[in-house]
1. Mind grabbing the base-10 log of I(q)/I(0) for region 229-289 at q = 0.14, 0.17, 0.21, 0.29 Å⁻¹? Debye formula, identical points on the C-alpha positions, no solvent, two decimal places.
2. Loop only per DSSP, at most 13 neighbouring Cβ atoms within 10 Å: give me the chymotrypsin sites (Phe, Trp or Tyr not before Pro) in region 115-149, ordered by residue number.
3. Between ILE184, ILE328, ILE108, find the one with the highest GNM mean-square fluctuation for the chain; connect C-alpha pairs within less than 10 Å.
4. Semi-axes of the equivalent ellipsoid for region 277-342, please: Cα gyration tensor eigenvalues, times 5, square-rooted, ordered largest first, whole Å.
5. Picking from LEU90, LEU182, LEU210, which is most flexible by a Gaussian network model of the chain using Cα springs under 10 Å?
6. Take the alpha-carbon positions of region 134-263, form their convex hull, and give its projected area averaged over all directions (one quarter of the hull surface) in nm².
7. Based solely on its DSSP helices, what 222 nm [θ] is calculated for the chain when runs of n ≥ 4 H residues each add -39,500 (n - 2.57) and the sum is averaged over all residues, nearest 500 deg cm²/dmol?
8. Under a no-solvent Debye model with one identical scatterer per Cα of region 45-125, what's log10 I(q)/I(0) at q = 0.15, 0.26 Å⁻¹?
Amino acid sequence: MMFFCSTFLVVFMMNFLRDFRVSSCDATCADKPVFTPSRLVVKFGDPTAASCSVCERCIDNIFNLESPVGLTSINGTTMFWTIERLTEWLTSPICYYNTDTDVQCCTILPITVYQPPDNVSVSFVDHTGPMFEGKQYTLQCTVEEVAPVENLTVTFYRGQTALGQLQSKNNNPKPVTETFSLNITLSKEDNGVQYWCEAKLELGPYGPQLPPVETSQTITATVFYKPQLEGSLHPEPITVLEGEPLQLNCSALGNPGPSYTWTLPSGSPSTSSSSVLIINSATFADEGKYTCSVSNDVGTATVELNVEVRANNKGILIGVVTAALIAILILLIGLFYCYKSK
Ligand SMILES: *[C@@H]1O[C@H](CO)[C@@H](O)[C@H](O)[C@H]1NC(C)=O
Ligand SMILES: *[C@@H]1O[C@H](CO)[C@@H](O)[C@H](O)[C@H]1NC(C)=O
């Protein structure tokens, strides 16, 4: 940085001395020459132009517009500077007149030469493949060959949400490639989410109406997380009537997709490896504690479900009703024969 700043100053001074031979330039004098526009923002390689006027009485003295590049011309008290292709990163035309005290009253035209980045890319630092919830990762945005980097703002995005903005501390006017980093801690909600970054050159009111913006490609985060139960648990205990079907559900979300192991009240493992355990017709032997164990590479979640089997009164009811109907029928037949035999 120090090296750069001093180099910059030396280069600037050398250009200044070589090109202008301005003995002593007073930039604080009254009646300074006026540049129109007062500053320029130009894309590298584009044409540009400016004019400079000195006061009426100043033309009695020597006045001029000097620039190491481009063409200059004079018309009365106005001077013109034009260039077809500006291909200098540091250039500042100067407009001056000599004062009576042999000091030059001068104005420098500040020019910002910009170049939108060649390429913008995003990545997770030192990482490929799946990531884990709760861990910190570094997102990195690389902006290639952009100038001036001090006008650059880099924004990281998660989907459409901005995560943070960063700026460079470098003030090199020439194109540079710079990398910006942002630390993020991933959660399971980040699985499948797209991350990207955007590089914007903010060139101020003299810059283009739409600031140059380049966006990176998107990267999709794959986040591995431990199984988590979906929905609410069954009310405890779960009651079922004898002979009725029993269905136990311990569906869980996890990445990678979890596997299920059921342990029956008898203590033996079930043959079912699905999230839902189905018993077509419950018996009293099915009563007791069921354990569902959901696991993937990251971890295991265990759920206990207590099942109560109740006697089914429906059979008894059907029996009672059938018996009553038969009794009535016998009674009716009996009455009929009694009546007939009379
Ligand atoms: C990101 O985290 C790492 C390790 O904890 C740390 O060294 C680094 O300075 C952090 N970077 C930023 C940009 O906060
Ligand atoms: C099990 O529970 C989950 C979450 O509540 C639900 O989406 C799924 O449909 C249930 N499965 C069955 C077979 O009831």
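1. -0.44, -0.63, -0.94, -1.41
2. Qualifying residues, ordered by number: none.
3. Checking each option, the largest mean-square fluctuation is seen for ILE328.
4. 57, 9, 6
5. LEU210
6. For region 134-263, the mean projected area of the Cα convex hull comes to 12.6 nm².
7. Calculated from helices alone, the mean residue ellipticity at 222 nm is -5000 deg cm²/dmol.
8. Each listed q maps to, in turn, -0.60, -1.24.
Computed from the coordinates by the stated procedures, all read-outs in this text should not be read as laboratory data. Quantities reported herein were computed from a predicted structural model and do not represent experimental measurements. A quick note on method: Cβ atoms are made from the backbone with ideal geometry, for glycine too, and the neighbour counts reach across all protein chains shown.
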